[in-house]
Amino acid sequence: MRMRPTLSWTPTEELSPGTTDLEPVAGALSSGGVLVLSGAGISTESGIPDYRGEGGSLSRHTPMTYQDFTADAQARRRYWARSHLGWRTFGRARPNAGHRAVAAFERHGMLSGVITQNVDGLHQAAGSEDVVELHGDLGRVVCLSCGTLSPRRELAGRLEEANEGFAPVAAAINPDGDADLTDEQVGDFRVVPCTVCGGVLKPDVVFFGEAVPPERVEHCRALVREASTLLVLGSSLTVMSGLRFVRQAAQAGHPVLIVNRDPTRGDRHAVTRIALPLGTALTTLAGRLGIPVDEGDARTG
């Protein structure tokens, strides 16, 4: 029987409701060497939904797993139909105040780096440069046979040509860029192969049930070892891919600070959790530290 990945987490102990005191974060940023670990919550204000927050997509949507994608041609057809439609919205998302604040902190020498669990590329679009994409980038496509990487926009054009007139109305768009469609709406959607070898194409992201590349994990572990503080922004830390870095930092004696409105699986390892919306919290911090954050910080290309 195939094991399903961990998609939810229920606290087994009573957790603090959190605070609204930003001073610990302001102090850490002032001292420098802060490593940011960001999750889906930082992108909700850009119109990309969360998995597990209030109204999160997991209440109605089970993400595609690596096992299903690689084993079932029909599953791949459903995925690419939904993802192609979702990309039209997902690809238009722009950085919000939270992304711009993180970029401003980096520009002023307060951060040692950014690890993001998101696949939307919005940290880089906001101007952040030292970003590790833990789960990859939906803006790239990889061939599972020859390993060729190509831009998602190129694949989008090929899928448009192969599926002229495909324009169903999706019930919702999910954090992985997957749109909610029925089997009837998917219909006979045509999937296109790799232009180099004819192999199966997959978005260059880590699906649920798929392992993060070991070299990427070790790079992140090195960043955690070198950081003075780990600042978690908008992640429930439900899955081990992010939680392991929180545990590592806490075990090494590095303070862990979390900004997330809801309790997280990492709260017991943290010095504090600030229960505020990220855009508000991060722009308030920037103002307190005298760092300007404006629309000009975001790249338009």
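Here are some notes:
- With respect to the conditions (1) more than 16 Å from Leu111 (Cβ to Cβ); (2) without any contact (Cβ under 8 Å) to a residue 60 or more places away in the chain, Ala222 falls short on a single one, namely (1).
- Against the test of being closer than 22 Å to Phe69 by Cα, touching a Ser or Thr at 6+ places or on another chain (Cβ under 7 Å) and β-branched (Val, Ile, Thr), the options Val200, Val191 yield a single qualifying residue, Val200.
- Gly253 small (Gly, Ala, Ser) and either crowded, with 18+ Cβ neighbours inside 10 Å or closer than 28 Å to Glu154 by Cβ (or both): no
- Total residues in the stretch 142-160 satisfying the condition of being at pLDDT 95 or above, of a type outside the set (Gly, Ala, Ser) and over 25 Å from the mean Cα position of the chain (by Cα): the figure is 2.
- Test result for Arg92, surrounded by fewer than 16 Cβ atoms within 10 Å (Cβ to Cβ) and under 18 Å from Ser46 (Cα atoms): yes
- Cβ-Cβ distances below 7 Å connect the following pairs, each with a first residue in the stretch 190-201 that is assigned to a strand (DSSP E or B), a second residue that is at pLDDT 95 or above, and a separation of six or more residues or different chains: Leu201/Val141; Leu201/Cys143; Leu201/Leu155; Leu201/Pro193; Leu201/Cys194.
- If you check Leu289, Leu237 for being hydrophobic (A, V, I, L, M, F, W, C) and open to solvent by less than 40 Å² (accessible area, probe 1.4 Å), only one passes: Leu237.
- Any hit, the stretch 178-192, residues being within 30 Å of Gly33 (Cα to Cα), modelled with pLDDT of 90 or more and open to solvent by 30 Å² or more (accessible area, probe 1.4 Å): no
The values are calculated or read from the model by the stated rules, or taken from the named source; none is laboratory data. Model, not experiment: these values are computed from the prediction. As a convention, Cβ positions derive from the backbone with ideal geometry for all residues, glycine included, and neighbour counts pool all protein chains shown. Just so you know, the surface numbers come from the protein's heavy atoms only, side chains and all, with ligands and any DNA or RNA stripped out. Shrake-Rupley method; radii C 1.70, N 1.55, O 1.52, S 1.80 Å.
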